[in-house]
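Asker: I'd like to ask some things about the structure below.
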Amino acid sequence: MSDHHHGPHPHEHGPNCGHEQVPHGDHIDYLVDGNLHHPHGDHCDDLGPIKDVS
Ligand SMILES: [Zn+2]
Ligand SMILES: [Zn+2]
Ligand SMILES: [Zn+2]
């Protein structure tokens, strides 16, 4: 297997997926269990724990 899907993640993120949306530059990322997820094609990249960006 050559893909690099991460973790159990059986859904696509979207406006109503239930995860908190986090603005990231010119797009929206999603907060999943304390980690920032960056939607990327048919999967998403896990950017790791979000810092306090208040
Ligand atoms: Zn989601
Ligand atoms: Zn994700
Ligand atoms: Zn992002």
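Asker: Pairs needed: first member in the stretch 36-47, surrounded by 14 or more Cβ atoms within 10 Å (Cβ to Cβ); second member anywhere, modelled with pLDDT under 85; C-beta distance under 6 Å; at least 6 residues apart or different chains.
Answerer: Close Cβ pairs satisfying both conditions: 36/50; 43/5; 46/6.
Asker: So how many residues does the stretch 10-54 have that are among the small types (Gly, Ala, Ser) and assigned to a strand (DSSP E or B)?
Answerer: So the count comes out to 1.
Asker: Would you mind finding the one in 50, 28 that is surrounded by 14 or more Cβ atoms within 10 Å (Cβ to Cβ), at pLDDT below 90 and not hydroxyl-bearing (Ser, Thr, Tyr)?
Answerer: Working: 28 fails: at pLDDT below 90.
Exactly one residue qualifies, and that residue is 50.
The values are calculated or read from the model by the stated rules, or taken from the named source; none is laboratory data. Computed from a predicted structure; not experimentally measured. Quick reminder, even Gly has a Cβ in these numbers, built from the backbone with ideal geometry, and neighbours come from all protein chains shown.
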